[in-house]
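Q: Before anything else, here's the structure in question.
The values are calculated or read from the model by the stated rules, or taken from the named source; none is laboratory data. Values in this document were obtained by computation on a predicted structure and should not be read as measured data. Heads up, the Cβs are rebuilt from the backbone with ideal geometry, glycines too, and the neighbour counts pull from every protein chain shown.
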Amino acid sequence: MGKHLIVLGALVLGVAVAPAALAQDTPYGALAVDEVQGYHFGFAHDHGNQVDADRRATEECQKAGGTSCRVVLLWSGAGCGAYRSVTEGG
């Protein structure tokens, strides 16, 4: 009986810890754009959480010359994203 309790305890612990470990492996990304100042942009990928990805994308947009940068696209996990901007008359 003692062996069964140890195995069951290990399984319960594994189930409880597995989602936390998986969550840490999920990559987050973001795209920030400043359409006011000439369409400057910045992006971030492979960050540990969405807040860090958003911050990095905004910082990259500002480094590119943007003054009114905002996050327009965010994602997590595997995959990709697209963003299109259209100018007036174009």
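Q: Restricting to the range 34-58, name every residue that is farther than 23 Å from residue 79 by Cβ and either out of contact with any strand residue (DSSP E or B) (no Cβ under 6 Å at 6 or more places or on another chain) or hydroxyl-bearing (Ser, Thr, Tyr) (or both).
A: Matches in the range 34-58: 35, 36, 37, 38, 39.
Q: Would you confirm whether any residue within the range 76-85 is more than 9 Å from residue 29 (Cβ to Cβ) and surrounded by 11 or more Cβ atoms within 10 Å (Cβ to Cβ)?
A: No: zero hits.
Q: Any residue in the range 43-61 that is surrounded by fewer than 18 Cβ atoms within 10 Å (Cβ to Cβ) sitting within a Cβ distance under 9 Å of a residue that is among the β-branched types (Val, Ile, Thr)? List the pairs, counting only those 6 or more apart or interchain.
A: Listed pairs, sorted by first residue: 48/26; 49/26.
Q: Right, here's the next one. Would you confirm whether any residue within the range 13-25 is touching an Asp or Glu at 6+ places or on another chain (Cβ under 6 Å) and either crowded, with 18+ Cβ neighbours inside 10 Å or at pLDDT below 75 (or both)?
A: No, the conditions are met nowhere in the range 13-25.
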